[in-house]
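I'd like to ask you about the structure that follows.
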Amino acid sequence: MAKPTAHPHPFQLQKCPTGITGLDELTQGGLPKGRPTLVTGSAGSGKTLLAMEFLVKGATMYDEPGVFMAFEETSEDLTKNVASLGFDLDGLVKKKKLAIDYVYIERSEIEETGEYDLEGLFIRLGHAIDSIQAKRVAIDTIEVLFGGLPNDAILRAELRRLFRWLKDKGVTAVITGERGETTLTRYGLEEYVADCVILLDHRIIDQISTRRLRIVKYRGSAHGTNEYPFLIDEEGLSVLPITSLGLNYDVPKERVSTGIARLDAMFDGKGFYKGSSILVSGTAGTGKTTLAAHFAEAACRKGKRCLYFAFEESPQQITRNMASVGIDLKPHLQKKLLLIRSTRPTFYGLEMHLLEMTKLIHTFNPEVVVMDPITNLITVGLLADVKSMLIRLVDYLKSRHITTLFTSLASASGLEHTETGVSSLMDTWIVLKMMERDRERTRGLTIIKSRGMAHANELREYRLTSGGLSLEDAPAGPQEAETARTERASMRKVDKEGGHAKK
């Protein structure tokens with residue numbers, strides 16, 4: 001990850017980049033450099049992990065050594081707990097990039113003697129900082145440090161003293177604290193002393209675990225003020241800011257084939273714009289997945305990587321079913337040009353789905369992506385949350401110039417309405433529908449919109465054959481279309497009278 005550019009204005013607050021995905025975007029560069037930041041939240045919200053990752057990323061990415069002072073976990077416990085995230089604390093300690101100091105405080109001794117002085121802590125912490133020339137400090141947690149002080153006046157004075165001492169040392173500090181019942185912190189004082197306050201929250205909504213991060217205050221700097229989802233996985237902490245992606249990405253003029261020659265012809269003979277978002281909606285059985293498979297197969301045939309997210313079928317089932325309509329995906333899977341990732345929507349929350357998708361897109365680096373179908377995501381979140389997640393995903397894909405095809409299940413009574421309400425986000429919208437005429441069920445395709453290009457506006461009939469989705473010839477006009485229908489009806493009548501009626 002590249003270091004954020006320094007602020008050119010001499011009066012702007014200096015920032016210390018955290019290296020945590022998304023957090024530097026929300027803070028517009030990182031935490032206040034040389035100042036203390038308070039991270040508060042309930043048990044299990046991720047406070048210790050954020051503090052430790054701040055130090056690890058500082059040591060590995062920005063060459064800024066750090067000191068972690070713990071009052072609850074020993075250095076051995078900390079090392080084991082974060083090893084699953086790929087953090088090699090022992091290695092950093094040997095390189096003098098990190099110092100871990102566990103301080104045991106016996107509250108009963110403080111209560112018995114009534115004496116409490118931070119001088120010993122300052123000497124110990126100062127020695128650790130000087131020994132590795134540390135630029136960053138993490139203190140975990142402040143409740144243990146001040147838990148033996150019954151007097152609020154003394155507590156406030158000692159808190160201010162600690163924060164002032166850290167400032168005087170010129171280190172960027174992260175201090176963790178437990179959330180109070182009616183206040184942000186246990187004592188209700190820490191948030192007033194800190195220059196930056198970050199609140200972490202872990203909640204359960206509809207039996208699905210979700211984590212949220214909010215920057216409560218940030219002296220001297222603008223910052224994101226909303227609640228933002230964040231995740232903890234095998235790579236650490238990741239924040240997913242909705243506002244992190246703007247609408248200032250480049251717009252390619254290159255075209256990408258739909259995979260169906262006659263459908264390309266309906267888009268001015270050239271197909272979709274590269275980097276655009278395409279929605280294919282229709283009722284069950286209209287061939288949405290078939291059209292998506294045509295698109296994926298055509299991209300792979302040209303040597304382009306395709307990432308296929310499936311929410312209903314396994315990769316084996318998709319491969320078998322598409323083979324029945326003449327779409328052979330196996331060679332592309334074997335060449336690793338096609339990757340099908342099948343996951344039940346209920347397996348994760350929406351934020352985890354988004355993070356897993358963006359990480360896989362980053363590592364696989366596809367040119368085209370298929371999501372089939374997005375309507376299944378409604379089962380794991382409210383409509384507004386699903387739309388918010390898809391907005392972020394669409395912006396991310398557009399910023400990387402990835403052409404994306406989404407399929408969506410529509411009801412028969414609302415074909416030109418999407419359950420997820422994302423049609424306005426899409427550059428191109430294709431609707432597939434079932435039709436009944438002359439006691440025969442047929443399928444029809446129409447293009448509702450396609451931004452920035454000429455496109456056909458007639459309703460085209462199509463068939464699902466052993467050769468895939470086959471579009472019928474476009475009628476030259478209303479009279480020719482009616483003549484074609486009359487001829488088909490006459491042929492059925494002749495067959496019936498001759499005893500060869502079509503079933």
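Taking H as built 1.01 Å from N, whose amide H comes closer than 5 Å to the amide H of K449, not counting residues under 5 places away?
W429
Let me ask you something else. Determine the principal axes of the Cα atoms in segment 196-238, then give the extent along each, sorted from largest to smallest and rounded to whole angstroms.
Extents along the principal axes: 38, 25, 12 Å.
Dipole of segment 21-97 (Lys/Arg Cβ +1, Asp/Glu Cβ -1, origin at the Cα centre): which of G34, G44, L55 lies farthest to the positive side?
Selected residue: G34.
Please sort 281-289, 367-375 by packing, taking for each peptide the average over its residues of neighbouring beta carbons within 10 angstrom, highest first. All intermediate terms of the calculation are to be shown ahead of the outcome.
On the way: 281-289: 20.4, 367-375: 23.9.
By packing density, highest mean first, the sequence is 367-375, 281-289.
Here is a further query. Using the Cα gyration tensor of segment 296-349, with a ≥ b ≥ c the square roots of its eigenvalues, what is the shape: rounded (a/c below 1.5), prolate (a/b larger than b/c) or oblate (neither)?
Working: a/c = 2.64, a/b = 1.52, b/c = 1.74.
Oblate is the answer for segment 296-349, as a/c is 1.5 or above yet b/c matches or exceeds a/b.
Just the number, please: carbon plus sulfur as a percent of the accessible area of segment 313-398, 1.4 Å probe, no ligands or DNA/RNA counted.
Result for segment 313-398: 56 percent of the exposed heavy-atom area is carbon or sulfur.
Enumerate the amide H contacts of L31 below 5 Å, restricted to partners 5 or more residues apart or on another chain; note that Pro and chain-start residues carry no placed amide H.
Result for L31 returns C16, T18.
Roughly how far apart, in whole Å, are the Cα centres of segment 41-87 and segment 292-346?
Value for the Cα centre distance between the two parts: 40 Å.
With all protein chains present, how much of the accessible area of segment 64-103 (probe radius 1.4 Å) comes from carbon and sulfur, to the nearest whole percent?
48
Run the numbers for H362 and Y102: contour at 0.36 nm per residue of separation, minus the present Cα-Cα distance, in nm.
Result: 89.8 nm gained on full extension.
Quick one: Karplus J couplings for segment 163-171, per residue in order, coefficients 6.51, -1.76, 1.60, θ = phi - 60°, nearest Hz, x for Gly and Pro?
5, 5, 5, 5, 5, 5, 6, x, 9
Something else now. Applying the Karplus parametrisation 6.51 cos²θ - 1.76 cosθ + 1.60 with θ = phi - 60° to the phi angles of segment 27-35, what ³J(HN,Hα) value in whole Hz is obtained for each residue in order, glycine and proline being reported as x?
Running phi through 6.51 cos²θ - 1.76 cosθ + 1.60 with θ = phi - 60° gives 8, 6, x, x, 7, x, 5, x, 10 Hz.
Rounded to the nearest 0.05, what FRET efficiency do E227 and E458 give with R0 = 60 Å and r taken as the Cβ-Cβ distance? Could you check?
Calculated value: 0.80.
Also, quick follow-up: Step through the residues of segment 465-471 one at a time and calculate ³J(HN,Hα) from phi using the Karplus curve (6.51 cos²θ - 1.76 cosθ + 1.60, θ = phi - 60°), rounding each to whole Hz and writing x for Gly and Pro.
10, 5, x, x, 7, 10, 7
The values are calculated or read from the model by the stated rules, or taken from the named source; none is laboratory data. Values in this document were obtained by computation on a predicted structure and should not be read as measured data. Every residue, glycine as well, gets a Cβ built from its backbone with ideal geometry; the counts of neighbours run over all protein chains shown. Accessible surface areas use protein heavy atoms only, side chains included; no ligands, DNA or RNA. Shrake-Rupley method; radii C 1.70, N 1.55, O 1.52, S 1.80 Å.
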